[in-house]
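For reference, the structure is listed below as structure tokens.
The values are calculated or read from the model by the stated rules, or taken from the named source; none is laboratory data. Since the structure is predicted, the reported quantities are computational estimates derived from the model, not experimental observations. All Cβ positions, glycine included, derive from the backbone under ideal geometry; neighbour counts span all protein chains shown.
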């Protein structure tokens, strides 16, 4: 019979981590407040990266700016921690990569913490009851754009590296940690993490995503697909529409078929959380005519569609299912490709199709994270599959690296007006992130 993996959770380490996490929590709130004040939209994350680099330099954590603009930070045992003070980013990266190689050669596993620096638009600020780009503490909640998705987890992960550095002289680090604070996730999941794993050849043994999970363990996710539907017709004056060919009507029919397929999927599978990977969702998100005028029959019409892919589904299978529907009109479907550029000027050709992935419940990484969470919170966390997409599409979906998600915040609080995260959950996340490097 195969032995069950039982993680080691040293009691003295748990006590020390919890006490130090409580002492550092005001610092975590300060860093979160400074981060929320930054409107770090996709491709405009420079100020957020500058803030993190300044924070790590202040606390002696080796860190550097990556070519796409992300921040890479390193936690290792004291004897392996390099000094990067006073040198440029390119030289810092070389020093950090060499330190990672030394640690790996010494047999220490490498754990990656992944958090994205970009946030979605705040929208109409008058709709908010609090300033979207200011941290507001109220009734046990922390409000502001990005508190949940995902600057709360980002700051907790950043502070955990400082905490680990403080405790590592007294307690043995069982895993080295790279903090991957990446750009452009909201527009191109996996792109900036691919730079670290593929371009820089820094391949972790495990990846922990800080996306909101209500401090439950996310073992996988649906995939994601974005495409454009394009209808073509013939322009005419609205006084004689019969001489034209209205592209809007064709596109409207295609949108109806997209909605019908989504409803069919729901009817087939239902809302059962245990069957998240069995059902794709399809949503028409934008609709526009060409030309955009009220006096002409439109000769063109375009709509965007976002699909959350079930396991086994991809672009070809979804398009095939749509075009086989009896009511499908003469409408073209085109993939979307993200080009950037990043705030450092790096361009990309990143496809908008990512497959679903899942880490088994029986994997040792699940047991390790479960034990850490139980030690901090006093209860065993549930596990689940995320319905949305993350950087895990790269680490797990394409690279096959064992990947899990664990973050403060409710999934339904992402991207909303008055976005928020629980103050208690943020503190618990800080402690869990801080404890994991001391466990094996």
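Looking at 62, 109 in this structure, which one is under 27 Å from residue 212 (Cα atoms), at pLDDT 95 or above and touching a helix residue (DSSP H, G or I) at 6+ places or on another chain (Cβ under 6 Å)?
Answer to the check: 62.
Which of the residues that make up the stretch 370-391 are within 20 Å of residue 438 (Cα to Cα) and either in contact with a helix residue (DSSP H, G or I) (Cβ under 7 Å, 6 or more places away or on another chain) or in a strand (DSSP E or B) (or both)?
Result: 372, 373, 375, 376, 377, 380, 381.
Quick grid of which residues meet (1) within 22 Å of residue 325 (Cα to Cα); (2) part of a helix (DSSP H, G or I); (3) more than 21 Å from the chain's Cα centre (by Cα):
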| residue | (1), (2), (3) |
| --- | --- |
| 224 | yes, no, no |
| 227 | yes, no, no |
| 261 | yes, yes, yes |
| 267 | yes, yes, yes |
| 282 | yes, no, no |
| 303 | yes, no, yes |
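Part of a strand (DSSP E or B) and either over 30 Å from residue 378 (Cβ atoms) or in contact with a strand residue (DSSP E or B) (Cβ under 8 Å, 6 or more places away or on another chain) (or both): which single residue out of 198, 219, 203 fits that description?
Checking each option against the conditions leaves just 219.
I'd like to check something: does the stretch 129-150 contain any residue that is within 24 Å of residue 402 (Cβ to Cβ) and surrounded by 24 or more Cβ atoms within 10 Å (Cβ to Cβ)?
The answer is yes; a qualifying residue exists.
Based on this model, can you work out whether residue 27 counts as modelled with pLDDT of 95 or more, in the same structural domain as residue 83 (by TED's automatic domain parsing), more than 16 Å from residue 85 (Cα to Cα) and within 18 Å of the chain's Cα centre (by Cα)?
The answer is no for residue 27.
Yes or no, residue by residue, for (1) in contact with a helix residue (DSSP H, G or I) (Cβ under 9 Å, 6 or more places away or on another chain); (2) in a loop (DSSP other than H, G, I, E, B):
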| site | (1), (2) |
| --- | --- |
| 8 | yes, yes |
| 12 | no, no |
| 29 | yes, no |
| 44 | no, yes |
| 51 | yes, no |
| 54 | no, no |
